[in-house]
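Colleague: For reference, the structure I am asking about is given below.
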Amino acid sequence: MPGEISHLVLGSGLPAQRASTEDFDLPFRLARQRALASFERLYLFSQLRRYKGRIILVAQHAGVTSKHVREIMKRHGISRRDFRPSLRPAMRAAAKPWGPPLDLPPPSRIEVPPAKPAPRL
């Protein structure tokens, strides 16, 4: 059913997580922390996917600051790059960092002439 958590989990691309009997054997606070952490991760994952990794839009939708969204992402080891659309090949070539011209030898093979002694006064 669309309203169930299992639908959200399966539709989000995350592996389905079900409560085990172990979860109910834990003390209340620990069980609540685990449930909250699981919810945070699933919610954030679905919103980042929805907004293609745009943290500001996720924060606005959730009603929190972008700083708070980044803190939760860090806590759960989530990178926004995983949700950004890949660049087209032409843009990918233009996005490469600047470097030395291709016809130069690598730095380890460049011969540097010895320094000339300073003129005596």
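Colleague: Quote to one decimal, in nm, the extra length available between Arg50 and Asp25 on full extension: 0.36 nm per residue of separation minus the C-alpha distance between them.
Modeller: Contour length minus the Cα-Cα distance gives 5.5 nm.
Colleague: Give me the extension gain from Ser66 to Ala35: residue separation times 0.36 nm, minus the current Cα-Cα distance, reported in nm with one decimal.
Modeller: Between Ser66 and Ala35, full extension yields an extra 8.9 nm.
Colleague: Can you sort Leu26, Leu48, Leu57 so the residue with the fewest Cβ neighbours within 10 Å comes first?
Modeller: Details: Leu26 12, Leu48 23, Leu57 16.
In increasing order of surrounding Cβ atoms, one gets Leu26, Leu57, Leu48.
Laboratory data are not the source of any read-out in this text; all were calculated from the coordinates shown. Please read these numbers as outputs of a predicted model, since none were measured by experiment. Using ideal geometry, Cβ is built from the backbone for each residue, glycine included, and neighbour counts are taken over all protein chains shown.
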